[in-house]
Amino acid sequence: MEEFKRLNRELIHKGKIIDYYQDTVQVPNGNVVKWDFIGHKGAAAVVPVREDGKLLMVRQYRNALDRYTLEIPAGGLNGVEEPTKTAAARELEEETGYRSEALELLITIRTTVAFCNEKIDIYVAKNLIPSQQHLDEDEFINVEAYDIEELSQMIFETKIEDSKTIAALMAYKDKYCK
C-alpha cells in the first residue's frame, strides 16, 4: 500500500453541523496537494417497525434540496462520545412520537467517503410504544407508515433518494423480509 501523509489540516469554517477544513497532503509520488475535508460528529438513524409490519417514515423539508423528502428518522449525535444507540432512541421518539426498548444495530454507513468522515449507525426498532413527538423549533415532520414493498418501489421510482434511507430499507428488507 502506497503512503499518503497529511502535512496540515486547517479549519476554514466551523459550522453548527459540520466543520470545513483544507488538508495539505503529500501523495505517494511526492507531490503535495490540497484536499477538502468535512468533519462530522456522527449520526444515528432508525427503521421503526410497527406491529403490523409497516415502517414509520418521516416527511420533512430539506433546505439543501429545497423540497420535502421521505426518510427514516435520524439525527446527529449530541457529541462524538454519545452512544449511537442512545441517539437513535432519542431521534425515534423526537421525530415519530414512539419509543422502543428493542433497538438492534442493522448497518453502519459512511455517507461520502471522498471528503467527509460522517458515520451513521442505523438501528431497527421494534415493539414501538406510543409516546409524544418532541420536535426542534425548526422541525416540521409528518409521520407516515408504509410496507417495505411500497418503499422499495419508491426507491426504484426515485421518489426516495436519501442514501441512508435507501441503505437502511434495502438492508432491512434483506435481513427481515425473506
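Each residue in region 106-120 was checked for being out of contact with any Lys or Arg (no Cβ under 8 Å at 6 or more places or on another chain) and assigned to a loop (DSSP other than H, G, I, E, B), and 4 pass. Number of residues in region 154-174 that are free of Cβ contacts under 8 Å to residues at least 40 places away in the same chain and not basic (Lys, Arg): the value is 7. Within region 109-128, residues that are modelled with pLDDT of 95 or more sit with their Cβ atoms under 7 Å from residues that are surrounded by fewer than 13 Cβ atoms within 10 Å (Cβ to Cβ) and part of a loop (DSSP other than H, G, I, E, B), at 6+ positions apart or across chains, in these pairs: GLU118/THR112; ASN127/GLU101. Here GLU104, GLU118, GLU149 are screened, and the one residue that is surrounded by fewer than 16 Cβ atoms within 10 Å (Cβ to Cβ), farther than 12 Å from VAL47 by Cα and either under 14 Å from the mean Cα position of the chain (by Cα) or not β-branched (Val, Ile, Thr) (or both) is GLU149. The C-beta contact set for region 142-153 (first residue in contact (Cβ under 8 Å) with a residue 60 or more places away in the chain, second residue surrounded by fewer than 13 Cβ atoms within 10 Å (Cβ to Cβ) and not aromatic (Phe, Trp, Tyr), distance under 9 angstrom, 6+ apart or interchain) comprises ALA145/ASP52; ASP147/ASP52; ASP147/GLY53; ILE148/GLY53; ILE148/CYS177. Counting only residues that are aromatic (Phe, Trp, Tyr) and free of Cβ contacts under 8 Å to residues at least 60 places away in the same chain, how many does region 40-77 have? Residues meeting the conditions: 1. Residue under question is GLU91, and the condition is that it be of a type in the set (Asp, Glu) and under 20 Å from ALA145 (Cα atoms); does it hold? Yes, satisfied.
The values are calculated or read from the model by the stated rules, or taken from the named source; none is laboratory data. Model, not experiment: these values are computed from the prediction. For neighbour counting, all protein chains shown are included, and Cβ atoms are generated from backbone atoms with ideal geometry for every residue, glycine included.
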